[in-house]
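A short reminder: the numbers here are calculations on the coordinates, not readings from a lab. These numbers come from a predicted model, not from an experiment. Virtual Cβ from ideal backbone geometry, glycine too; neighbours counted across all protein chains shown.
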Amino acid sequence: MTDRAAYVQMEGICKTFGVVKANDQVDFSVRKGEIHALLGENGSGKSTLMNMLSGIYMPDSGSINIGGKPCHFHSPKDAIRHGIGMVHQHFKLVDILTAKENITAGMPGSFFIKNKGMTEAIGNIAKKYGLQVQADRKIYNMSVGEKQTVEILKVLYRGADILILDEPTAVLTPQETDALFNILRNMRRENCAIIIITHKLNEVMEISDRVTVLRKGQSIGTVNTSETNAKALTEMMVGRPMSLEIQRPAVTGGADSEPLLDVRDLTIENQEKIKVIQNVSFQVRRGEILGVAGIAGSGQKELCEGIVGLQKVSGKVIFKGEDLAGCKPGNIISKGISMSFIPEDRLGMGLVGGLDIVDNVLLKSYRKTKGLFVDRKQGVSMAESIVRRFDISTPGVHHQVSKLSGGNIQKVLLGREVSLNPSVIITAYPTRGLDIGASYNIYDVLNEEKKKGVGILYIGEDLDVLLELCDRIMVIHQGELMDILPASETTKEQLGLLMLGHRGEGADHV
Amino acid sequence: MFKIIKRPPLAEGRMFVLRILAVVFAIGASMAIIALLGHDPFKVMLEMIRGSVGSAYRIKETINKMVPLLTLSLGVCVAYKMKFWNIGAEGQFYMGAYGAGLVAFNFSHLPSYLLLPAMFAAGVLTGGLWALIPALLKAKWETSETLVTLMLNYVAIRWVTYLQYGPWRDPKAAGLPRMMHFPETADLPKIGSIHIGWIIALFLVIVIYFLIRYSKLGYEITVMGENPRTAEYAGMNTFRILLVAIMISGGICGIAGVIQATGLEHSISPVLSSGLGFTAIITAWLSKLQPVTLVSVSFLFAMMLQGGNYLQSVMKVPSDVAGVIQGVILFFVLGSEFFTQYKIVRDKRQGEETRKVGA
């Protein structure tokens with residue numbers, strides 16, 4: 001198998017965006033009948049490279065060969081004509097249409113839609129690769145895993161035999177991930193070429209035949225998965241040896257100590273009067289990290305916002321013996337509850353991109369000084385100490401926040417929250433989009449706060465991280481609390497089942 | 001084919017050069033338009049400058065136009081800082097003048113040192129309250145402030161017309177539909193031959209500068225403009241901030257109305273503003289919402305307005321030429337912003353490269 005010629009060959013690919021060299025002389029090749037992992041940290045140029053292979057961008061220089069013939073793609077249509085299909089991280093489906101309509105939309109054909117033929121064709125493809133999909137179901141009724149299946153069917157229906165998947169497991173539960181991997185193995189058997197973009201090492205080791213590692217826009221090398229290990233890959237990816245262990249310091253009296261934050265029967269309705277959080281009760285204790293696991297959109301955001309007064313709630317939020325439900329956000333902040341939420345665009349809430357670090361650092365404390373004016377002197381010294389302590393790389397404290405890199409932006413946010421000396425920290429996705437080194441910095445910061453006796457509510461995406469970092473993990477499913485488990489005695493599969501809403505079956509299955 | 005690509009951030013110096021170039025191009029384009037209209041562009045330009053600053057009288061006229069323009073621009077700046085698109089300066093101006101009129105006609109027995117401050121206070125209040133209507137509608141029902149402020153302009157102008165024909169009609173005007181004059185005690189004092197409106201305007205420049213730059217309210221307004229969710233998250237009372245900021249915005253536009261009514265017309269008419277409330281939107285943008293820059297930009301625009309009037313009487317060139325030049329300058333300067341971020345390069349292949357950096 002290793003001797004077979006490359007089917008897709010990209011050579012000397014360069015791509016520049018403004019001053020950013022996203023790809024610099026990248027070489028990459030894939031064979032038929034292999035699963036090839038493209039590994040690299042955020043910003044290493046993986047998606048850019050694949051966007052060029054799928055015709056979304058055009059390379060500044062370099063060549064793409066498919067089956068030995070040079071190709072120039074001007075649009076995704078050109079790429080699909082050569083059998084290249086990409087499943088994006090954020091699905092591109094029309095919610096109100098059915099799976100079938102999404103799969104066949106935009107395909108050439110006669111004026112009238114030949115329903116029967118299409119259903120048959122879709123059924124055949126699905127059977128061939130072991131995909132399970134209800135063709136007449138509307139997209140908005142589907143789970144994330146099902147939507148992904150539709151996306152895959154969409155590109156297969158267009159005749160793709162080179163499939164690119166961008167971070168396909170980021171939004172899946174462990175069970176859904178397993179199902180996806182089975183599909184990919186079927187496709188490999190049918191002689192497809194599969195490229196999976198990822199930064200998760202355990203997945204690379206589990207599914208891929210070969211790995212290409214990118215770092216800072218350059219290709220570091222391609223290795224056979226069977227001849228490497230997670231440690232070596234990390235070193236290729238980060239550029240230096242790194243321990244991948246996350247600390248979980250035991251804090252004396254942590255788990256058994258008095259609750260700092262006691263949430264009772266919290267219920268939150270959204271604008272359409274649908275309950276997005278239902279009767280959720282839990283406690284955050286001193287010196288513990290309580291993790292929250294759940295499929296994206298299970299009510300994580302509402303939970304955070306509800307506790308800090310940004311959403312109307314019913315139920316009780318008892319903090320140091322006082323019910324804070326219904327209080328104004330300003331009031332709750334001054335009591336010592338900090339909340340930071342990193343949305344997908346990183347800046348959505350918590351920071352003001354257009355302002356400098358000083359003004360962002362002052363956001364929650366400017367009110368404390370007397371008088372009509374903002375005390376920027378104090379802000380400068382606060383900003384300087386945060387920049388020092390968190391090692392934020394910036395030309396100065398008057399630098400605009402949106403011009404910082406993602407990791408530094410998140411450090412500014414967390415740095416500000418921590419510097420306010422809160423008793424409770426609520427943090428959602430604090431390592432979203434960060435590289436490995438920066439993520440570990442964040443875990444260290446949280447652990448340090450934990451040792452000081454701060455109670456931390458950590459809303460996470462990566463189950464591995466949740467299991468290692470947190471003391472206890474609560475799982476929510478469609479706004480309901482499924483269970484709260486001690487992290488050291490829980491498995492990923494158990495969490496996965498709970499996330500899907502299977503209560504109490506966890507123990508039997510594992 | 002050409003394609004547009006993102007360029008590396010420009011240094012401050014190059015940015016400045018780019019802006020100057022934009023103005024130069026704008027003047028060039030304006031001159032081309034003037035030539036197309038059949039006039040000698042160089043002569044028109046020269047006459048425009050002479051007409052605006054060529055004599056003591058003309059300078060006075062220019063300053064008289066600059067004062068309300070500067071004040072109105074300051075007013076809209078406060079709202080724009082919050083990304084509240086107040087294009088109702090015109091209406092707030094008239095309502096401010098109306099508030100002043102209410103005081104002037106009802107308390108005409110007061111001495112000047114009491115009457116004038118009371119008129120200004122009333123103008124701030126009526127102008128501010130007028131602006132508050134769209135703010136409240138937006139806060140409660142998320143209406144578009146752009147539409148509501150715009151429409152309220154016409155309501156305000158019609159209200160003044162009604163007063164002119166109705167309750168405030170001058171009985172001594174022998175049948176002419178003219179509004180009563182203010183009592184003489186309501187005349188804005190003069191230094192030399194220029195009314196002290198310019199002192200008020202410059203004072204407001206300083207106030208607004210400190211308000212936006214250093215005050216807590218200014219900070220809150222800026223944060224809200226950048227990201228209202230973050231403002232709420234930080235514990236700001238966004239509703240209160242919105243109302244206060246808009247009261248200030250409308251109030252300052254109201255002051256412009258009072259200045260114009262007490263300093264020049266000594267009465268109110270539906271043409272009191274001569275459309276300056278709209279010009280103020282342009283000047284505010286061109287100054288990038290910087291109060292200090294506004295002083296020079298307002299003066300430049302006042303020169304064009306005054307110069308345009310002069311052209312009409314001396315060269316028989318329509319004064320609208322000044323309006324054309326204003327529009328062209330705005331077009332070029334705002335257009336140049338595009339080139340601070342993107343550049344156009346030749347490309348033989350078809351391409352679109354304006355997307356953001358992929359990870």
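For the stretch B:1-158, rounded, prolate or oblate, judged on the Cα gyration tensor with a ≥ b ≥ c (square roots of eigenvalues), a/c < 1.5 rounded, else prolate if a/b > b/c?
Verdict is oblate for the stretch B:1-158.
Suppose R0 equals 60 Å; then what is the FRET efficiency for A:K216 and B:D170 from their Cβ-Cβ distance, rounded to the nearest 0.05? It would help to have the intermediate numbers written out before the result.
Values: r = 78 Å, r/R0 = 1.30.
Efficiency at R0 = 60 Å is approximately 0.15.
Going by how many other Cβ atoms sit within 10 Å of their own, how do B:L125, A:L324, B:L311 line up, fewest first? Don't skip to the end; give the middle numbers.
Details: B:L125 18, A:L324 21, B:L311 26.
Placing the least packed residue first, the sequence is B:L125, A:L324, B:L311.
Order of B:142-148, B:88-94, B:203-209 by packing, highest average Cβ count within 10 Å first? Let's see the in-between values first.
Details: B:142-148: 14.9, B:88-94: 33.0, B:203-209: 16.6.
Averaged packing, sorted descending, gives the order B:88-94, B:203-209, B:142-148.
Quick check: the distance between the Cα centres of the stretch B:106-165 and the stretch B:301-316, to the nearest angstrom?
31 Å
Going Cα to Cα from B:K190, which lysines come in below 29 Å? Please leave out same-chain ones fewer than 8 positions away.
Straight-line reach from B:K190, under 29 Å: B:K60, B:K65, B:K172.
Can you tell me the orientation of helix A:174-189 relative to chain A, as the angle in degrees between its alpha-carbon axis and the longest Cα principal axis, to the nearest 10?
Value to nearest ten degrees: 20.
Just to be sure I follow the rule: in the stretch A:98-185, considering lysines 8 or more places apart or on different chains, how many pairs have Cα atoms under 12 Å apart?
Going through the stretch A:98-185 pair by pair, I get 6.
If you take the beta carbon distance between B:D40 and B:S193 as r and set R0 to 41 Å, what does 1/(1 + (r/R0)^6) give as a FRET efficiency, to the nearest 0.05?
Details: r = 33 Å, r/R0 = 0.81.
FRET efficiency, B:D40 to B:S193: 0.80.
Note down the relative contact order for chain B as a percent, whole number, built from C-alpha pairs under 8 angstrom at least six residues apart.
Value for chain B: 37 percent.
Output the relative contact order of the stretch B:95-230, whole-number percent, from Cα pairs under 8 angstrom with separation of 6+ residues. The partial results should precede the final answer.
Working: 100 pairs, mean separation 26.8, N = 136.
Across the stretch B:95-230, relative contact order equals 20 percent.
In whole Hz, what ³J(HN,Hα) sequence does the stretch A:396-407 give by Karplus (6.51, -1.76, 1.60; θ = phi - 60°), x for Gly and Pro?
Couplings: x, 6, 9, 7, 5, 5, 5, 8, 7, 6, x, x Hz.
Starting from the Cα-Cα distance between A:H398 and A:A296, subtract it from 0.36 nm times their residue separation and give me the gain in nm to one decimal.
33.2 nm
Shielding by partners for A:40-51, please: the mean number of other protein chain Cβ atoms within 10 Å of each residue's Cβ.
2
From Cα pairs below 8 angstrom and at least 6 apart in sequence, can you work out the relative contact order of chain A, rounded to a whole percent?
Reported relative contact order: 15 percent.
Give a residue-ordered list of calculated ³J(HN,Hα) values for the stretch A:266-283 (Karplus: 6.51 cos²θ - 1.76 cosθ + 1.60, θ = phi - 60°; whole Hz; x for Gly, Pro).
6, 10, 10, 10, 8, 5, 8, 6, 8, 6, 8, 9, 10, 6, 8, 10, 7, 10
For chain B, what proportion of DSSP beta bridges, expressed in % and rounded to the nearest 5, is antiparallel?
Given both bridge residues lie in chain B, the antiparallel proportion sits at roughly 90 percent.
Show the residues, 5+ positions off or on another chain, whose built amide H is closer than 5 Å to the amide H of A:E480.
A:Q278
DSSP beta bridges in chain A, what fraction antiparallel, as a percent rounded to 5?
Approximately 55 percent, going by the DSSP bridge assignments.
Within the stretch A:230-330, which GluC sites (Glu not before Pro) sit in a loop by DSSP and count at most 15 neighbouring Cβ atoms inside 10 Å?
A:E245, A:E272
If the limit is 23 Å between Cα atoms, which of A:K328/B:K140; A:K312/A:K335; A:K46/A:K492; A:K46/A:K200; A:K312/B:K138; A:K231/A:K492 go over it?
A:K46/A:K492
Compute the Cα gyration tensor for the stretch A:28-83, then decide on rounded, prolate or oblate, letting a ≥ b ≥ c be the square roots of its eigenvalues: rounded whenever a/c is under 1.5, prolate when a/b is larger than b/c in the other cases, and oblate in all that remain.
It is oblate, given that a/c is not under 1.5 and a/b is not larger than b/c.
Using amide H atoms built in the peptide plane, which far-off residues or other-chain residues are under 5 Å from A:V292 H to H?
Placed amide hydrogens put A:Y458, A:I459, A:G460, A:M474 under 5 Å from A:V292.
What does the charge add up to near B:G275, with Lys and Arg as +1, Asp and Glu as -1, over the other residues with Cβ less than 12 Å from its Cβ?
Every neighbour counted, the sum reads -1.
What average count of beta carbons from other chains do you get within 10 Å of the Cβ of residues in A:302-313?
If you average over the peptide's residues, the count of other-chain Cβ atoms is 1.
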